[in-house]
Amino acid sequence: MRKKICAGNWKMYKTPKEAGEFFDSILASLKSNVKGGEIVIFPPALVCESVAKYVNGSSVHWGLQNSYFESKGAFTGENSPDVAKAMGATYVLVGHSERRKIFSESDSLLAKKVAYVQSIGLTPMLCVGEDLSERETGRTNEVILGQLDEGLKSADRKKPFVIAYEPVWAIGTGKVATPEQAEEAHVALRERLGGLGESTRILYGGSVKPENAGELAAKKNIDGFLVGGASLEAKGFLQILSSLQ
Ligand code: PEP
């Protein structure tokens, strides 16, 4: 049985104070028995320390939105995954479409990040997804399976990793994939993982909201969500979490 995940990508939103307000609400609700799976929050790097103070020792996990693939060195502006680990992080998001598109991160760079993150005992959450023209020209599987193969090229497949299927055309657009479109992609990814397919958690991301989470969560191969905009507000995020019960 794959444990479901409800992950929130805060992108470059929230101050430390706002993060505190969010967790006051989330942690109180978890105590009063709101269930649905593992919660993972990806705060902006400058807010990680505040998040760690709130959630370390609770059932909530947190991670970096991006990291470098070395522990330390002359890499101005980069985040050390080792330091994040020492602060209590357990996950690193790798290859979000905003990193791929805006910051030109290549599959080969992402493969190094996945391997390094695993090597220090953190769990990479590798994002894959096609853009609109790729979908419209029937290339969805070619693109997402290619990103999967390349991203895991140097991975240790015996160590944990999570996949997030995030169609680029659905991220931040309000245009969610239909449950059938998402399920189809998840099945293709699971099949490509071969013997590991059955145990690997594959999340859906792209305009997930409380209103559409239930029908997506009902699909057999959707093991949870990576949520952007709707993860900024505790009430909606908890409703999405509840849909995973
Ligand atoms: C994301 O940032 O990964 C994401 C899926 O964003 P949104 O939920 O806002 O589409």
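Observations on the model:
- Pick from region 220-234, criterion away from the ligand (no atom under 14 Å from the Cβ) and not acidic (Asp, Glu), ranking: surrounded by the fewest Cβ atoms within 10 Å (Cβ to Cβ): Lys220
- Looking across region 95-112, the residues that are assigned to a helix (DSSP H, G or I) and touching a residue at least 60 places away in the same chain (Cβ under 8 Å) come down to Ser97, Glu98, Lys101.
- In region 174-201, the residues that are in contact with a Ser or Thr (Cβ under 9 Å, 6 or more places away or on another chain) and either modelled with pLDDT under 95 or surrounded by fewer than 13 Cβ atoms within 10 Å (Cβ to Cβ) (or both): Gly174, Lys175
- Any hit, region 37-54, residues being outside any helix (DSSP H, G or I) and within 16 Å of Lys235 (Cβ to Cβ): yes
The values are calculated or read from the model by the stated rules, or taken from the named source; none is laboratory data. Since we're looking at a predicted model, the values are computed, not measured. Glycine also receives a Cβ, built like all others from the backbone with ideal geometry; neighbour counts cover every protein chain displayed.
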